[in-house]
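Report on the structure given below.
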Amino acid sequence: MRILGIDPGFERLGVAILEKNKNDKREKVIFSKCFKTSAKLEFSERLNLIGEEVQKIIKKYKPEVLAIETLFLTTNQKTVMHVAEARGVVIYEAAQAGLKVFEASPPQIKIATTGYGRANKEQMIKMVKILVEIDNSKKSDDELDAVAIALTAFAYQKR
């Protein structure tokens, strides 16, 4: 099974494709990156670029599931709205391609990867690098969060 993990954002979008076959002992990272859009662009153009990028990744890697983080509330309402709109674009592209959508909250992701729902960023990153084989040059929090989100979807698939 292949899962597309997305850490949603409009400036930085964490993206990861993980795969696990029946004979595999653990998930493999097939692809990951942090997709960035320029603040100089109109917001609508940024959303368009996100949609095009997600569409290309789905076509190339053919995942069966989209795993995406749910929104967490923040004091900056403008940022929350923009992230929600970026999430909408990603979910739309996944639905258009026939993917199942799995949504997980930050505490669910932390529990699935570290066993502790209040784990900090350093604990999450350390566990992601233990749970999957990943190039150590992958340092972007957004990219590693996308891997963690996909791992969470795999954990919930087993239930």
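The values are calculated or read from the model by the stated rules, or taken from the named source; none is laboratory data. Keep in mind that what you see is a predicted model, and the values were worked out from it rather than measured. A quick note on method: Cβ atoms are made from the backbone with ideal geometry, for glycine too, and the neighbour counts reach across all protein chains shown.
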Over the range 70-102, the set of residues at pLDDT below 95 and within 15 Å of the chain's Cα centre (by Cα) is 70, 71, 72, 83, 84
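Taking the stated definitions as given, is residue 155 among the small types (Gly, Ala, Ser) and at pLDDT 95 or above? Give the derivation first.
Working: among the small types (Gly, Ala, Ser): yes; at pLDDT 95 or above: no.
Judged against the criteria, residue 155 is not a match.
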Scanning the range 136-159 for residues that are assigned to a loop (DSSP other than H, G, I, E, B) and in contact (Cβ under 8 Å) with a residue 60 or more places away in the chain, the one farthest from residue 21 (Cα to Cα) turns out to be 140
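Among the residues of the range 70-80, are any part of a helix (DSSP H, G or I), in contact (Cβ under 8 Å) with a residue 12 or more places away in the chain and under 18 Å from residue 34 (Cβ atoms)?
To start, the set of residues in the range 70-80 that are part of a helix (DSSP H, G or I) comprises 77-80.
Still in the running and in contact (Cβ under 8 Å) with a residue 12 or more places away in the chain: none.
Looking for residues that are part of a helix (DSSP H, G or I), in contact (Cβ under 8 Å) with a residue 12 or more places away in the chain and under 18 Å from residue 34 (Cβ atoms), one finds none in the range 70-80, hence no.
Counting just the residues of the range 1-59 that are acidic (Asp, Glu) and not in a helix (DSSP H, G or I), which one comes out modelled with the lowest pLDDT?
For the range 1-59, the residue satisfying everything is 24.
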Scanning the range 100-134 for residues that are surrounded by fewer than 13 Cβ atoms within 10 Å (Cβ to Cβ) and without any contact (Cβ under 8 Å) to a residue 12 or more places away in the chain gives 115, 118, 120, 122, 130
